[in-house]
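Report on the following structure.
The values are calculated or read from the model by the stated rules, or taken from the named source; none is laboratory data. Every value quoted in this text rests on a predicted model; they were computed, and no experiment measured them. Every residue, glycine among them, receives a Cβ derived from its backbone with ideal geometry; neighbour counts consider all protein chains shown.
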Amino acid sequence: MLATITTTHITSLTVVGIATIVGYYAGHCARLIKLPSIIGYMIVGVILGPSIFGLFRAASMEDMSFITEIALGFVAFSIGSELSISSLRKLGPGIISIIFSESFTAFFLVTGAVYIYTGFTASGFDLPLALIFGAMAPAGTVAVIHECKSKGNLTKALYAVVGFDDGLAIIIFGFAAAIAKVLLVAESTGETISILPSLVAPCKEIALSMIVGTVIGFVFCQMVRFLDNSRDILIIVFGAVLLATGLSTMLHLSLILTNMVIGFVLVNTRREALVHRVTSPLLEVMPLLFVLFFCLAGAHLDLKAIPALGILGGVYILARSAGLIGGAWIGGMIAKVDENVKKYIGMGILSQAGVAIGLALIAKHELSTVSAHGIAVGTTVLTSVTATCIFFEVIGPILTKVALKKAGEIPTQK
């Protein structure tokens, strides 16, 4: 009887269960060899995905997209809850200079490098592809800081830059995706379409996302202020994130920005004790969401397409690295920040994970409805970002640790 079971008979819930259990152990094995857990999760996703065993099928992955949305919602809420304006003020205007400099330098450098590269391919210059790649350059997580227990100006700067960079990256993505859509529509219809009017749409999306997030955030804060039990708080947090994510999907808003604003409202309007009470229960939920999110991300990785994207992936890696490191140094030099911050902060923000992959998934979904070229752009970006994410998640934490060590912010082992 077991021999008659094929992948077509395996339900989505069965595959999710397998992915959760196997992903957990794969993440544990990754940590044993000093690699981030998400590498293990993504490898499991690749193995279970269409590239190898095919347990995750294209149709089932589309049906399970809500898992990705929920995970992104919680990631965004967590990021938002770390964006304290008072902490940013303490770090001074230099950090703002670094955030804007590294974000826009990386965007323009990646966009330019990919655009030039496409000019040497058979298909010719591809501006929509270049723009979407440029928007895939946000700084990643700095979990290694927790492991190192580092303290100092560089450590504080890393927390601030990574958090606010993600928010700025979402705004950059909104405009880049809008321009890419206009170019793709004009290409498929043969009509001349003005780009400037199309920029109204992302402005509205960003503004409405912030308004919805702010409203939900203030209501959410009123509800949790009377709760002491962590279990009760987790229920309300879960409900708020689901509500914000659902409304964002229904109203075509940015679910990442909406949930980020909820966390932002919490951390900037409530006392630290309440913020800690609200965010602490998330530590119990986030590992599960990370397993599911990165397994699904890995399942989207098309192994057959990677060799063809080898040079493009290399261009993206080099341009993104140069943009983040060079941009951070330029921003630090302009603002005259602490020497250690100026010299080493670029090395500490190369990791790339949740937000970048989330934006790549969103890009694939949105562009696939435009044209055949849009489908190709979305698939190429998602495959490349997922593959290069593995590289950045290996090299990023290593360089972060090196930067913190050179800055003298890692406590000496006694």
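Key figures
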{"item": "Single residue of LEU55, LEU72, LEU48 found to be closer than 29 Å to LEU399 by Cα and buried (at least 18 other Cβ atoms within 10 Å of the Cβ)", "result": "LEU72"}
{"item": "Number of positions in the stretch 54-83 that are in a loop (DSSP other than H, G, I, E, B), modelled with pLDDT of 85 or more and out of contact with any Ser or Thr (no Cβ under 9 Å at 6 or more places or on another chain)", "result": "0"}
{"item": "Residue match in the stretch 368-379 (condition: assigned to a helix (DSSP H, G or I), more than 18 Å from the chain's Cα centre (by Cα) and surrounded by 23 or more Cβ atoms within 10 Å (Cβ to Cβ))", "result": "yes"}
{"item": "Residue ID - modelled with the highest pLDDT, chosen from residues in the stretch 320-352 that are in contact with a Phe, Trp or Tyr (Cβ under 8 Å, 6 or more places away or on another chain) and not in a helix (DSSP H, G or I)", "result": "LEU350"}
{"item": "Counted residues, the stretch 27-43 - those being of a type outside the set (Val, Ile, Thr) and crowded, with 22+ Cβ neighbours inside 10 Å", "result": "5"}
{"item": "Residue that is surrounded by the most Cβ atoms within 10 Å (Cβ to Cβ) [pool: residues in the stretch 226-258 that are among the β-branched types (Val, Ile, Thr) and closer than 13 Å to LEU282 by Cβ]", "result": "VAL241"}
{"item": "In the stretch 6-51, the residues that are more than 24 Å from the chain's Cα centre (by Cα) and either of a type in the set (D, E, K, R) or part of a loop (DSSP other than H, G, I, E, B) (or both)", "result": "THR6, ILE10, THR11, ILE33"}
{"item": "Where LYS34 falls short, out of the listed (1) in contact (Cβ under 8 Å) with a residue 12 or more places away in the chain; (2) farther than 20 Å from THR14 by Cβ", "result": "(1)"}
{"item": "Residue within the stretch 332-339 that is at negative phi and basic (Lys, Arg) present", "result": "no"}
{"item": "Residue within the stretch 120-128 that is acidic (Asp, Glu) and either modelled with pLDDT under 85 or in contact with a strand residue (DSSP E or B) (Cβ under 9 Å, 6 or more places away or on another chain) (or both) present", "result": "no"}
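Per-residue answers, yes or no, for (1) assigned to a helix (DSSP H, G or I); (2) in contact (Cβ under 8 Å) with a residue 12 or more places away in the chain; (3) surrounded by fewer than 21 Cβ atoms within 10 Å (Cβ to Cβ); (4) under 21 Å from the mean Cα position of the chain (by Cα):
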{"site": "MET260", "(1), (2), (3), (4)": "yes, yes, no, yes"}
{"site": "ASN268", "(1), (2), (3), (4)": "yes, yes, yes, no"}
{"site": "MET286", "(1), (2), (3), (4)": "yes, yes, yes, yes"}
{"site": "LEU296", "(1), (2), (3), (4)": "yes, yes, no, yes"}
{"site": "LEU301", "(1), (2), (3), (4)": "no, yes, no, yes"}
{"site": "LEU312", "(1), (2), (3), (4)": "yes, yes, no, yes"}
{"site": "LEU318", "(1), (2), (3), (4)": "yes, yes, yes, yes"}
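A quick yes/no check of all residues on (1) buried (at least 22 other Cβ atoms within 10 Å of the Cβ); (2) touching a helix residue (DSSP H, G or I) at 6+ places or on another chain (Cβ under 7 Å); (3) part of a loop (DSSP other than H, G, I, E, B); (4) among the basic types (Lys, Arg):
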| position | (1), (2), (3), (4) |
| --- | --- |
| GLY94 | no, yes, no, no |
| GLY112 | no, no, no, no |
| ALA122 | no, no, yes, no |
| PHE133 | yes, yes, no, no |
| SER150 | yes, yes, yes, no |
| LYS156 | no, yes, no, yes |
| GLY163 | yes, yes, no, no |
| ASP166 | yes, yes, no, no |
